[in-house]
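Enquirer: Got a structure here, written out as structure tokens. Questions coming.
The values are calculated or read from the model by the stated rules, or taken from the named source; none is laboratory data. On a predicted model such as this, the values are computed, not experimentally measured, just so you know. Every residue, glycine among them, receives a Cβ derived from its backbone with ideal geometry; neighbour counts consider all protein chains shown. SASA here: full protein model, heavy atoms, side chains in, ligands and nucleic acids out. Shrake-Rupley method; radii C 1.70, N 1.55, O 1.52, S 1.80 Å.
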Amino acid sequence: MKLELSTQQKTSQAEFRTFVNEEICPRASECDRNEFTPPEIIKKLAQHGFLGAILPEAFGGQAMDMITYGILNEEIGRGCSSVRSLLTVHNMVAHALCKWGSKYQKEYWLPKLASGQIIAAFALSEPNVGSDAKSVETTATLAGNAYILNGQKKWITYGQIADVFLVFTKCEDKPTAFLVEKNSAGLSVKPMSGILGVRASMSAELQFNNCQIPQENLVGKLGFGFSYIAATALDYGRYSVAWGCVGITQACLEACIKYTSERKQFGVYLKEHQLIRQMITQMIANVKAARLLCYQAGYLKEINDPNSIIETSIAKYFASITATKVANDAVQIHGGNGCSSEYPVERYLRDSKIMEIIEGSTQIQEITIADSGYQDYLLANVAPGLEKKLLDEKSIFLATNKSY
């Protein structure tokens, strides 16, 4: 079967690439050095509708199909992984609210998120909790008509500038999600710096000290926090990150083709050396393979196929380890220059390593993908009459196995 983008998707792809080349690429290294995303870049993302990319038009969103949204993430990831991270976490919160928010929450928050009037951040990780997301230590207690939050969150992408946080807690010992505005009494935000990669993503630690929020800021129901709300957000986050990794890999490939066409060693251009050509060949093959896995995941999301969840994990797994390998080779090809901030490949390598950790580490994905493979084997070899039971078990597995 031949995979071909629609005319509209091709047009969008060209528009995204132009935007990234003009607005993001020229400032990406500066953003990385300063560990800061300029407000004007965020404003331009909002003006182009990218912050409401997946929201319905009824709320002011772009209602992008999943393939187009993926291409957007690839192009922005090609320019700057930090800026792409904003697209990721903002749309994770927007999508979760769109699916699980109350009528009031949708009508009040979604238009503001779509327009970029407010910025949202996803607050799950804690100092003692990463992959084991269900063990969060932050608590919420109902007191009258308000909830009181206590605890700490860490590694919160764009937490320094977010206007609202989707915060995951334990309430009555049940995983529960809340919307917390940045000006809530009892919430303090501490900027983080010196991170290995995605340095311009303006990460922060959040401290909740008897932070009081209105009862109507509960998202979904008590106990919905992880298996429903976080699972919904993280699935879309993994999809965004997977495409962003394709963007990193594409950026490495383009940088290496340019460099090896201009740099001479031993009297010939680097591209004339066979081992260099081998590395370029592997880059080309790997970026195409990663992109095709992302297309597959996006297509299944578009038709609401439940297998899109595991296919997204596979895409994220392969694309992230590929990005790290390709970025490592890109630095090697550039030699000493590859270790200098004057060339972007050192940033690509640092950013790519972060991609293997966020939205489900490489090892967590390996556990999830292998478990799914064994379940598929059982389904293919099941005794007559047990198909429905195993299918139901796999559906539960896909819906609940969402370690961060």
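Enquirer: Find the Cα radius of gyration of the chain, compare it with 2.2 N^0.38 Å by division, and give the number to two decimals.
Expert: Details: Rg = 21.5 Å, N = 404, 2.2 N^0.38 = 21.5 Å.
In units of the 2.2 N^0.38 Å rule of thumb, it is 1.00.
Enquirer: How large is ³J(HN,Hα), in whole Hz, for each residue of the range 118-123 in order, when computed from phi with the Karplus curve 6.51 cos²θ - 1.76 cosθ + 1.60 and θ = phi - 60°, using x for Gly and Pro?
Expert: 10, 10, 10, 10, 9, 10
Enquirer: Now for a different question. Quote the charge dipole size of the range 33-192 about the Cα centre in Debye, to the nearest 20; the model charges only the Cβ of Lys and Arg (+1) and of Asp and Glu (-1).
Expert: Working: 16 positive and 14 negative charges, 32 e Å.
Dipole of the range 33-192, to the nearest 20 debye: 160 debye.
Enquirer: Of the heavy-atom accessible surface of the chain (probe 1.4 angstrom), what whole percent is carbon and sulfur?
Expert: Percent of accessible area from carbon and sulfur atoms in the chain: 52.
Enquirer: Could you point to the residue in Ala114, Thr18, Ala133 farthest towards the positive end of the range 14-142's charge dipole, with +1 and -1 charges on the Cβ of Lys/Arg and Asp/Glu respectively?
Expert: The residue sitting most towards the positive pole is Ala114.
Enquirer: Further question on the same structure: I need the phi-derived Karplus couplings for the range 275-282: 6.51 cos²θ - 1.76 cosθ + 1.60, θ = phi - 60°, integer Hz, Gly and Pro marked x.
Expert: Calculated HN-Hα couplings, in order: 5, 5, 5, 4, 5, 5, 4, 5 Hz.
Enquirer: Using a 1.4 angstrom probe with every protein chain in place, what is the largest-first accessible-area order of Thr11, Thr157?
Expert: Thr11, Thr157
Enquirer: Next question, about the same structure. Longest exposed-loop-site-free stretch of the chain, with trypsin sites (Lys or Arg not before Pro), DSSP loop and at most 14 other Cβ within 10 Å?
Expert: It works out to 3-220.
Enquirer: Can you tell me the length gained on complete extension of the stretch Thr11 to Gln274, counting 0.36 nm per residue apart and subtracting the Cα distance?
Expert: Full extension of this stretch gives 91.0 nm more.
Enquirer: Longest exposed-loop-site-free stretch of the chain, with GluC sites (Glu not before Pro), DSSP loop and at most 12 other Cβ within 10 Å?
Expert: Looking at the chain, 173-341 is the longest stretch - no exposed GluC sites (Glu not before Pro) with at most 12 other Cβ atoms within 10 Å.
Enquirer: Which ³J(HN,Hα) values in Hz, rounded to whole numbers, follow from the phi angles of the range 172-186 under the Karplus curve 6.51 cos²θ - 1.76 cosθ + 1.60, where θ = phi - 60° and Gly and Pro get x?
Expert: Here the 3J(HN,Hα) series is 6, 6, 10, x, 9, 10, 9, 8, 10, 7, 5, 8, 5, 4, x Hz.
Enquirer: Between Cys252, Cys211, Cys80, where does the largest GNM mean-square fluctuation fall for the chain, given springs only between Cα atoms within less than 10 Å?
Expert: In the Gaussian network model the winner is Cys211.
Enquirer: Between Ile195 and Lys43, what's the calculated FRET efficiency when r is the beta-carbon distance and R0 is 25 Å? Round to 0.05.
Expert: 0.55
Enquirer: Could I ask something else about it? Angle between the Cα long axis of helix 345-355 and the longest principal axis of the chain, 0 to 90 degrees, nearest 10?
Expert: 30 degrees
Enquirer: Between Leu378 and Ala185, what FRET efficiency follows from the Cβ-Cβ distance if R0 is 56 Å, with the result rounded to 0.05?
Expert: My answer for the efficiency is 0.60.
Enquirer: Between Ser261 and Gln212, how many nm apart are label points set 7 Å from Cα along the C-beta direction?
Expert: 6.4 nm
Enquirer: Right, here's the next one. Using only alpha carbons, build the gyration tensor for the range 177-295 and give me the equivalent ellipsoid semi-axes, biggest first, whole Å.
Expert: After scaling each eigenvalue by five and taking roots: 47, 20, 8 Å.
Enquirer: Can I ask one more? Evaluate 2.2 N^0.38 Å with N set to the residue count of the range 1-111, then give the Cα radius of gyration divided by it.
Expert: Compactness ratio reported: 1.13.
Enquirer: For the range 185-271, give the magnitude of the charge dipole about the Cα centre (Cβ charges: +1 Lys/Arg, -1 Asp/Glu; no others), in debye to the nearest 20. Don't skip to the answer; put the middle values down first.
Expert: Numbers: 8 positive and 5 negative charges, 89 e Å.
Roughly 420 debye, rounded to the nearest 20.
Enquirer: Take the cross-link list Lys99/Lys174; Lys316/Lys353; Lys99/Lys288; Lys106/Lys316 and give me the ones stretching past 22 Å between alpha-carbons.
Expert: Lys99/Lys288; Lys106/Lys316
Enquirer: Just the accessible area for Trp109, please: 1.4 Å probe, Å², rounded to the nearest 10?
Expert: The accessible area of Trp109 comes to roughly 20 Å².
Enquirer: Determine, at each q value in 0.16, 0.25 (inverse angstroms), the log₁₀ of I(q)/I(0) that the Debye formula gives when each Cα of the range 28-83 is one equal point scatterer.
Expert: -0.54, -1.02
Enquirer: What does the accessible area per residue of the chain come to in Å², with a 1.4 Å probe and no ligands, DNA or RNA counted?
Expert: Ligands and nucleic acids excluded, the result is 44 Å² per residue.
Enquirer: How much net charge surrounds Gln9 when only other residues with a Cβ under 14 Å from its Cβ are counted (Lys, Arg +1; Asp, Glu -1)? Provide the component values of the computation, followed by the final result.
Expert: Numbers: positive: Lys10, Arg17, Arg291; negative: Glu4, Glu15, Asp65, Glu74, Glu75, Glu302.
Cβ neighbours under 14 Å give a net charge of -3.
Enquirer: I've got another one for you. On C-alpha positions alone, give me the angle between the axis of helix 66-79 and the longest principal axis of the chain, in degrees, nearest 10.
Expert: Rounded to the nearest ten degrees, it is 60.
Enquirer: Calculated from DSSP H runs of 4 or more alone, at -39500 (n - 2.57) each and per residue, what is the 222 nm mean residue ellipticity of the chain, nearest 500?
Expert: Value at 222 nm, helices only: -17500 deg cm²/dmol.
Enquirer: At a Cα cut-off below 22 Å, give the lysines reachable from Lys44, other chains included and same-chain residues fewer than 8 away excluded.
Expert: Lys10, Lys112
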